[in-house]
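Below is one structure, written out as structure tokens; the observations come after it.
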Amino acid sequence: GPDEPMIARAMEALDRAESLNPQLAEVPLARGMIKWSQYDGFQVEAAIEEIHRARRLDPHIAHFELAELYAHLGLEEWVEEMEQAIRLDPANDFLRSNRFRFYLFHGQLDEAVRTNLNLANHPFDDVFWHLEMMEAAPIASLVEDWRRNYPENGFFAQFKAVVDALQGRLDEALAAVPEILLKCRLNPAHHHSTHAIARIHALAGRGQEALH
């Protein structure tokens with residue numbers, strides 16, 4: 001792909017940094033983040049191995065990154081890693097907001113609320129909250145705000161399509177699936193698009209497509 005030379009240069013730079021300082025924990029951490037990206041095929045197991053290497057060099061590093069990987073794998077160990085990240089940096093709203101999000105993405109709404117719903121300080125959080133509650137009207141309003149404020153963001157198409165499906169416009173929702181895939185294919189959070197597509201197929205009664 002067009003990004004392969006850039007990724008190759010990044011990996012070469014990390015190799016040089018490691019040769020100069022083999023104890024630099026940021027090197028395997030950076031490698032892990034590259035492996036867990038669209039640029040290197042979302043190699044989640046390889047990414048976790050690299051992060052564990054980083055942690056052996058510095059036990060205080062990468063708690064959030066490991067929590068994020070575990071959360072996306074559906075492993076409950078993400079909670080312990082996230083809590084440790086927050087203990088090390090208790091004033092960090094980014095960490096606390098993501099704790100809310102990870103509970104939300106796991107469908108654990110009670111736990112999300114317990115972590116303080118007020119931490120949902122971005123339209124992204126609000127939309128996902130109402131998606132989990134299957135509330136089409138609030139999503140529709142938020143999606144329109146999203147369209148105005150983030151017109152190039154690939155998530156707009158998927159949110160709108162889910163609203164269409166929730167409100168019974170199934171043909172429109174299904175017709176939007178190719179655009180969703182096109183706009184989100186280079187987004188590191190594109191796995192959320194696969195969830196949206198699965199919701200659309202499920203609401204359309206297409207169970208096999210939803211599972212696929």
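222 nm [θ] for the chain, helices only, -39500 (n - 2.57) per DSSP H run of 4+, per residue, to 500?
The helix contribution divided over the chain gives -21500 deg cm²/dmol.
Out of (1) 1.07; (2) 1.13; (3) 1.23, which label holds the value of Cα Rg over 2.2 N^0.38 Å that was computed here?
The value matching this structure is (2).
Given charges of +1 on the Cβ of Lys and Arg and -1 on the Cβ of Asp and Glu, with all other atoms neutral, how large is the dipole of the chain about its Cα centre, in debye to the nearest 20?
240
Report, largest value first, the span of the C-alpha coordinates of the stretch 1-90 along each principal axis, in whole Å.
37, 29, 20
Which sequence of SER141, SER37 reflects their accessible areas, 1.4 Å probe, from the largest down?
If we order SER141, SER37 from most to least accessible, we get SER141, SER37.
When the chain is modelled as a GNM with alpha-carbon springs shorter than 10 Å, which of LEU182, LEU109, LEU29 fluctuates the most?
LEU182
Give me the dipole magnitude in Debye, nearest 20, for the stretch 1-100 about the Cα centre, with unit charges on the beta carbon: positive for Lys and Arg, negative for Asp and Glu.
180
Which whole-Hz ³J(HN,Hα) couplings does the stretch 42-47 yield from phi under the Karplus relation 6.51 cos²θ - 1.76 cosθ + 1.60, θ = phi - 60°, glycine and proline marked x?
6, 7, 5, 5, 5, 5
Just subtract the alpha-carbon distance of ARG53 and ASP15 from 0.36 nm times their residue separation and send over the number in nm, one decimal.
So the extension gain works out to 12.2 nm.
Which of the listed residues, ALA173, PRO59, MET6, is farthest toward the dipole's positive end in the chain, when Lys, Arg count +1 and Asp, Glu count -1 at the beta-carbon?
Highest projection toward the positive end goes to ALA173.
For helix 26-35, what angle does its Cα long axis make with the longest principal axis of the chain, in degrees from 0 to 90 and rounded to 10?
Long axis of 26-35 versus the principal axis of the chain: about 40 degrees.
Among PRO28, PRO138, PRO90, which one shows the biggest mean-square fluctuation in a GNM of the chain, springs joining Cα atoms closer than 10 Å?
PRO90
Angle check, please: helix 123-132 long axis (alpha carbons) against the longest principal axis of the chain (alpha carbons), in degrees 0 to 90, nearest 10.
Orientation of helix 123-132: about 60 degrees from the principal axis.
Between the helical axis of 63-73 and the dominant principal axis of the chain, each derived from Cα atoms, what acute angle in degrees is found, rounded to the nearest 10?
Rounded to the nearest ten degrees, it is 40.
Just to be sure I understand: with springs between alpha-carbon atoms less than 10 Å apart, which residue in GLY32, GLY74, GLY41 has the highest mean-square fluctuation in the Gaussian network model of the chain?
GLY41
The values are calculated or read from the model by the stated rules, or taken from the named source; none is laboratory data. These numbers come from a predicted model, not from an experiment. Cβ coordinates were reconstructed from backbone atoms using ideal geometry, including for glycine residues, and neighbour counts include every protein chain displayed. When the accessible area is computed, the model is the full protein with side chains, heavy atoms only, and any ligands, DNA or RNA have been set aside. Shrake-Rupley method; radii C 1.70, N 1.55, O 1.52, S 1.80 Å.
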